[in-house]
Amino acid sequence: MSTALTIEFAGIHLPNPFILASAPPTSSREMIERAFAAGWGGAVIKTLAQTESTALSNVRPRIQAIRSRGKIVSFANIELGSMRTTEDWLDDIAAIRRGFPDRALIASLLYGGAPREQGWRETARMCAEAGVTALELNVSCPHGLAEEGGLSAIANKLELLAEVVGWVRSSVSLPLLVKLPMACDLEAAARTAQHAGADAITAINTISALPGIDVESFSPKLAVDGHGAFGGLSGRAIKPIALRCVAQIRKACLLPVSGCGGVYTWEDAAEFLLAGAGSIQICSAVMEYGYGIIDELLAGLSSWLERKELSSVQAAIGLALPHIVPHRSLRRAAAYAVCNEEKCARCGICSTSCTDSGYQAISWIAEQHPQIDAGLCDGCGLCLQVCPTGCLSLAAAG
């Protein structure tokens, strides 16, 4: 692996910034070892759940793909944490660490239901003794035990969040990540976690969603005996939200952020780095394409760093943050759309959008180039976004 991809994240050494998120791809020792052999820099074990709840039992089916024109754009799931006990994992943790001492193996923890101090402390200690590199506190999963006052409910109660982080912080000395949801006061939660002793934030977890309804049966598309529940949305659809959350957290507190949500390509990863992430967690892309995507991720990111004359991953972190400003700071200047006729497909899509959702500035006669009235055009940019050939651009007025 290229030394340019090596990173130190919250006291964790990573040969590259790509980490498997706590999810189906990290459900067993054998899976994690195959991922490490393929080249992944780290993995967060499928959440270890210590709970007294009878809800700790998976349903079938529990994963639903959401498609647009046949292509998967997201996954929704109602899966719970690891079905294996923490005790079952301990020997496997030690074995994985022996086989891959240069990789980060992170344990994801939760103590379901009303949080209890003993559960968080004991699970953290057991994992630390088994040899994990770091701990990630799952206080943000939007389904399952969240209904009983755990998980995402913790992130939305700052006093409780501080208490849980404090319990684990005083129990172990390992690097401690806190995984936050989109649906909370991110800035306050990140600062609370920092003050309570966290070393990093993971952002974001899946987003509470209903993946669809069958219009014939009236049942949710992800249904068990005709009934469904709200689940966690992941994948491409949540990437813009995750990017915003990473940037918002980095502007609000000093903790490094492990970016998570919709990363499929090296370009996606580069965007997260530029937004302030110091490592990248991936799940949905692996669920769709497998561990082998790591080759393209590594090659693409390495080539980009070289092309941009950035000496390391670290050098790229946060470079976009100075360009992300409050809305009131953005310059107000008149502009209008112009058409490069050589690239125009003469499809008329721009005219339809402008007529029905814009400023009625684009007229079009079948199989001719669009005619743009600069006096009517407001420069909103809608036509640029719907144009299939990229023939439209904005020009400064005056």
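The values are calculated or read from the model by the stated rules, or taken from the named source; none is laboratory data. Quantities reported herein were computed from a predicted structural model and do not represent experimental measurements. Backbone-built Cβ (ideal geometry, glycine too); neighbour counts: all protein chains shown. In case anyone asks, the SASA skips ligands and DNA or RNA and just uses the protein heavy atoms, side chains included. Shrake-Rupley method; radii C 1.70, N 1.55, O 1.52, S 1.80 Å.
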Report task. With N set to the residue count of segment 182-339, report its C-alpha Rg divided by 2.2 N^0.38 Å to two decimal places. Result -> 1.25
Query raised in the report: Points 7 angstrom from Cα along the Cβ direction at Ser357 and Asp185: gap in nanometres?
Result: 3.5 nm
Query - Loop trypsin sites (Lys or Arg not before Pro), segment 275-376 (other Cβ atoms within 10 Å of the site Cβ: 16 or fewer; DSSP) - result: Lys308, Arg331, Arg332, Lys343, Arg346
Query raised in the report: In nanometres, what is the gap between the two model label sites at Asp91 and Ala229, each 7 Å from Cα along Cα-to-Cβ?
Result: 3.2 nm
Requested in this report: Jot down the per residue volume, in cubic angstrom and as a whole number, of the convex hull over the alpha-carbon atoms of segment 236-284.
Outcome: 55 Å³
Query raised in the report: What distance in nm separates the simple spin-label points at Asp295 and Glu342, each placed 7 Å from Cα in the Cβ direction?
Result: 3.8 nm
Report task. Using a 1.4 Å probe over the heavy atoms of the protein chains, calculate the carbon and sulfur portion of the accessible area of segment 283-398 as a whole percent. Result -> 50 percent
Query raised in the report: Hey, what did segment 175-306 get for relative contact order, percent, Cα under 8 Å, at least 6 apart?
Result: 21 percent
Query - Contact order normalised by residue count of the chain, Cα under 8 Å, 6+ apart, percent - result: 14 percent
**Report entry** Solvent-accessible area of Met31 with every protein chain in place, 1.4 Å probe, in Å² to the nearest 10
**Finding:** 50 Å²
Query - Stretchable slack from Ser170 to Lys251, in nm (0.36 nm times residue separation minus alpha-carbon distance) - result: 26.5 nm
Query raised in the report: Taking the radius of gyration and the Kirkwood hydrodynamic radius from Cα positions alone, what is the Rg/Rh ratio for segment 301-398, to two decimal places?
Result: 1.15
Report task. Just subtract the alpha-carbon distance of Ser219 and Leu319 from 0.36 nm times their residue separation and send over the number in nm, one decimal. Result -> 31.4 nm
Query - Highest-MSF residue in the chain out of Gly39, Gly226, Gly131 [GNM, Cα springs under 10 Å] - result: Gly226
Query raised in the report: For segment 350-398, what does the alpha-carbon gyration tensor say about shape, rounded, prolate or oblate, given a ≥ b ≥ c as the root eigenvalues, a/c under 1.5 as rounded, and a/b over b/c as prolate?
Result: rounded
Requested in this report: With a 1.4 Å probe and every protein chain left in place, work out the accessible area per residue of the chain in Å², rounded to a whole number.
Outcome: 46 Å²
Query raised in the report: Taking 0.36 nm per residue of separation and subtracting the Cα-Cα distance, what length does fully extending Ser28 through Asp102 add?
Result: 24.8 nm
Query raised in the report: Can you give the Rg to Rh ratio for segment 277-316, taking only C-alpha atoms and Rh from Kirkwood?
Result: 1.04
Query - Accessible carbon and sulfur surface of segment 155-229 relative to its total accessible area, %, 1.4 Å - result: 52 percent
Report task. Would you mind telling me which residue in Ala189, Ala361, Ala299 has the biggest mean-square fluctuation in a Gaussian network model of the chain, where springs connect alpha carbons within a distance under 10 angstrom? Result -> Ala361
Requested in this report: Return the ratio Rg/(2.2 N^0.38 Å) for the chain, where Rg is computed over Cα atoms only.
Outcome: 1.10
Requested in this report: With θ set to phi - 60°, apply the Karplus curve 6.51 cos²θ - 1.76 cosθ + 1.60 along segment 324-330 and write out the HN-Hα couplings as whole Hz, x wherever there is a Gly or Pro.
Outcome: 9, 10, x, 4, 5, 8, 6
Report summary line: Under the Karplus relation with 6.51, -1.76 and 1.60 and θ = phi - 60°, whole-Hz ³J(HN,Hα) for segment 373-380, x at Gly and Pro, equal 8, 4, x, 8, 5, 9, x, 5
Report summary line: Per GNM of the chain with C-alpha springs under 10 angstrom, the most fluctuating residue out of Val257, Val224, Val338 is Val338
Query - Relative contact order, percent, segment 314-396 [alpha-carbon distance under 8 Å, six or more residues apart] - result: 37 percent
